[in-house]
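To start, the structure under review is shown below, and the notes come after it.
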Amino acid sequence: MRRIIRFMVRFSAIVVFVALAVLAFDWLKAQIALMESDASARAMTGLIVAVLIAYAVLLAIPFVPGVEIGIALLIIQGAVVAPFVYLATVGGLGLAFMVGQNVSLLWLIGVLRDLRLHRIALWLERIDDVPRDQRLVAMQNNLPAWLEPFVVRYRYATVAIAINTPGNIAIGGGGGIMLVAGLSRLFSTPALLLMIAFATAPVPLVVWLWGSDVLR
């Protein structure tokens, strides 16, 4: 019951944060609209760049609803911003993966122990105990037969589906999924970054070609 309550509190906090961010964006747009045309254009460009950078950073953070934020940006700005939202999405998810891929597991285990997150620390210890070139085999031996293809053989496709699933905040959001993928050390960096590029392309491409009305 406590876990459910904690999840609901976190989810509510994120919803409030996104709502306030959208309101703040609308207010800034209204203020920029009062400026002269040249200054307004420069200010709006700077605002959009700042929002996209913030979006990429937020997307890399676990349990942030990246899909929902990206769609909100596409609805607000439409086709003109779609390529930039796409690049920010790829950058944010790639950042989360690279952090997971390169962070020291021993250091992270120590931090998690200090935070009393013992289950996650134990999971990372099990990963760290197995040599990297043997982890796929070890996973195959420990998974149920029906689950093994999804987690091992088709793991790239599974991650692609997971990061595109609405409501994936329940399993960590796009940033959390990519962070865990990096921590597992089971993915090739070039291949996974290419997967991110393809998996996140459809929605921005559709908006770029046909406008934001397709999302309404």
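The values are calculated or read from the model by the stated rules, or taken from the named source; none is laboratory data. Bear in mind that the values here come from a model prediction, so they are computed numbers and not experimental data. Cβ: placed from backbone, ideal geometry, glycine included. Neighbour counts: every protein chain shown. We work out accessible area using only protein heavy atoms, side chains counted, and drop any ligands, DNA or RNA first. Shrake-Rupley method; radii C 1.70, N 1.55, O 1.52, S 1.80 Å.
Quick notes
- If you go through the stretch 44-74 and pick out every residue that is open to solvent by 50 Å² or more (accessible area, probe 1.4 Å) and part of a helix (DSSP H, G or I), you end up with 7.
- Total residues in the stretch 200-216, condition touching a residue at least 40 places away in the same chain (Cβ under 8 Å) and surrounded by 16 or more Cβ atoms within 10 Å (Cβ to Cβ): 6
- Residue within the stretch 194-201 that is at pLDDT below 75, within 21 Å of the chain's Cα centre (by Cα) and assigned to a helix (DSSP H, G or I) present: no
- Some residue of the stretch 154-171 being buried (at least 17 other Cβ atoms within 10 Å of the Cβ), out of contact with any Lys or Arg (no Cβ under 6 Å at 6 or more places or on another chain) and at positive phi: no
- Residue check, Ala88 under 15 Å from the mean Cα position of the chain (by Cα) and hydrophobic (A, V, I, L, M, F, W, C): yes
- Residue list for the stretch 106-127, restricted to those being of a type outside the set (D, E, K, R), open to solvent by 10 Å² or more (accessible area, probe 1.4 Å) and either closer than 14 Å to Arg185 by Cα or in a helix (DSSP H, G or I) (or both): Leu106, Trp107, Leu108, Ile109, Gly110, Val111, Leu112, His118, Ile120, Leu122, Trp123, Ile127
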